[in-house]
Amino acid sequence: FVGELIFQMSYYGILVAQRIFMAIMVIFCPIMFALSLAPPWNSAWSQWMSKFLSLSLWGFVTYMCLYYVDFILLYNLQQDLVAYDHLLHGSVNSWSQIGALGLQGIGSNCMYAMGMLVGAYIIRFVPEVASWLIPGGVSSGAATAAGSTATGIASMAGGAAGSVAGGAVSMVKPKSGR
């Protein structure tokens, strides 16, 4: 019961969070577009777009994770069906076999709870995995800014080196006209 409760809380929580965050992103869409027109924030629109696309993939990634978690749960349920089939169709002949089936039932309940807890644990990685699927965002914008800063510094250094070299050449070259 507790495992299923935690799993359902994680599952519905990620889907509700996606809807809330997408609504907030839609509200700020015009602001990000307007900010992208100003040079200091020229990447605001592309960052907003990559975040919005990443956020819209949360549902898809959640369902992909659940698809694989369901294999654990399906295996446990199939083992329960086999055990109960033996019990109902008379292949259980002694009290010790009935006790073994009871213990197997307790174990399968524990495995079912474990499957639910694994599902809840996997769901917490959905935002990170969705961000892997869409290139860009803050890290890409920061890399672009860092790259342009490095290029600017390199060109300034190159210009300074060129002017020093040019000054040295003019000092060595004799002045004509005297």
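Throughout, read-outs are computed from the coordinates displayed, never taken from laboratory work. None of the values given here were measured: they were computed from a predicted structure. Every residue, glycine as well, gets a Cβ built from its backbone with ideal geometry; the counts of neighbours run over all protein chains shown.
Simple spin-label estimate for L37 and C110 gives 6.5 nm between the two label positions (7 Å along the Cα-to-Cβ direction from each Cα). Could you run the Debye sum over the Cα atoms of segment 2-136, one equal point scatterer each and no solvent, and tell me log10 of I(q)/I(0) at q = 0.13, 0.15 Å⁻¹, two decimals? With no solvent term, the Cα-only Debye profile gives -0.69, -0.80. Packing here is the average count of other Cβ atoms within 10 Å per residue, and on that basis the peptides 74-85, 7-18, highest first, run 7-18, 74-85. At q = 0.19, 0.22, 0.28, 0.30 Å⁻¹ the log10 of I(q)/I(0) for segment 67-120 amounts to -0.64, -0.77, -1.02, -1.11, computed by Debye summation with a single uniform scatterer per C-alpha, solvent ignored. Computed from phi, the 3J(HN,Hα) profile of segment 70-78 under the Karplus parametrisation 6.51, -1.76, 1.60 (θ = phi - 60°) reads 4, 4, 5, 5, 5, 4, 4, 5, 5 Hz, with x in place of Gly and Pro.
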